[in-house]
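The values are calculated or read from the model by the stated rules, or taken from the named source; none is laboratory data. What you see is a predicted model, and the numbers here were worked out from it, not measured in a lab. FYI the Cβ positions are ideal-geometry reconstructions off the backbone, even for glycines, and counts take in every protein chain you see.
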Amino acid sequence: MRDRFSEDLIGLLPNLRRFALFLCRRSDLADDLVQITAERALAARDRFDPTTRMDAWLFRILRNAWIDHARRTTTQGQTVDVHDMPEALSVDGVAQTEAILMLRQTEAAMATLPDDQREVMLLVCIDDLSYREAAEVIGVPIGTVMSRLARARLALAEKLGIK
């Protein structure tokens with residue numbers, strides 16, 4: 001029998017996986033990071049403050065798991081591009097093709113951003129965390145989140161020819 005905490009955790013798994021993919025850019029490692037996050041969250045469920053957003057808490061756990069992994073790893077293994085996954089490449093018509101191309105351009109442009117800017121953009125713009133919540137996940141002041149996001153948005157607009 002599932003409880004509310006477990007149901008909320010299960011509902012956030014896709015968001016956690018997306019964040020993990022942005023951090024590590026490897027599907028297999030992203031899955032491992034999500035599993036580690038779920039295990040740590042379940043083990044520490046009594047320390048979760050229900051007055052805060054669960055997704056921000058889980059993102060912080062995931063980010064810490066990624067940092068732990070990066071510290072243990074002395075050499076980087078082979079990376080797999082998300083676009084190499086055949087199930088992600090369904091094309092139905094001109095509009096969908098244009099959307100896919102724009103998404104790829106945006107992802108490629110985001111990949112060129114510095115890690116700190118890309119991380120803030122993902123948390124605030126993709127995962128819809130507030131500046132305060134993103135600051136808590138990353139462990140920096142809100143002003144730092146705001147300035148990183150502003151620089152990331154400007155750089156991304158310039159790279160995409162929007163500015």
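Residues in the stretch 99-118 that are surrounded by 15 or more Cβ atoms within 10 Å (Cβ to Cβ) and touching a helix residue (DSSP H, G or I) at 6+ places or on another chain (Cβ under 7 Å): ALA109, MET110, LEU113, ASP116, GLN117, ARG118.
Here is a yes/no grid of residues against (1) under 22 Å from ASN64 (Cβ atoms); (2) in contact with a Lys or Arg (Cβ under 9 Å, 6 or more places away or on another chain):
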position: ALA109; (1), (2): no, yes
position: GLU119; (1), (2): yes, yes
position: ILE138; (1), (2): yes, yes
position: GLY143; (1), (2): no, no
position: SER147; (1), (2): no, no
position: ALA155; (1), (2): no, no
position: GLU158; (1), (2): no, no
position: ILE162; (1), (2): no, no
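Of all residues in the stretch 11-24, none that is in the same structural domain as ASP128 (by TED's automatic domain parsing) and of a type in the set (Gly, Ala, Ser) has its Cβ atom under 9 Å from the Cβ atom of a residue that is surrounded by fewer than 18 Cβ atoms within 10 Å (Cβ to Cβ) and in a helix (DSSP H, G or I), 6 or more apart or on another chain.
Number of residues in the stretch 119-133 that are buried (at least 19 other Cβ atoms within 10 Å of the Cβ) and either assigned to a loop (DSSP other than H, G, I, E, B) or touching a residue at least 40 places away in the same chain (Cβ under 8 Å) (or both) equals 6. Kindly establish whether PHE5 is assigned to a helix (DSSP H, G or I), outside the structural domain of VAL137 (by TED's automatic domain parsing) and more than 21 Å from LEU113 (Cβ to Cβ). Judged against the criteria, PHE5 is a match.
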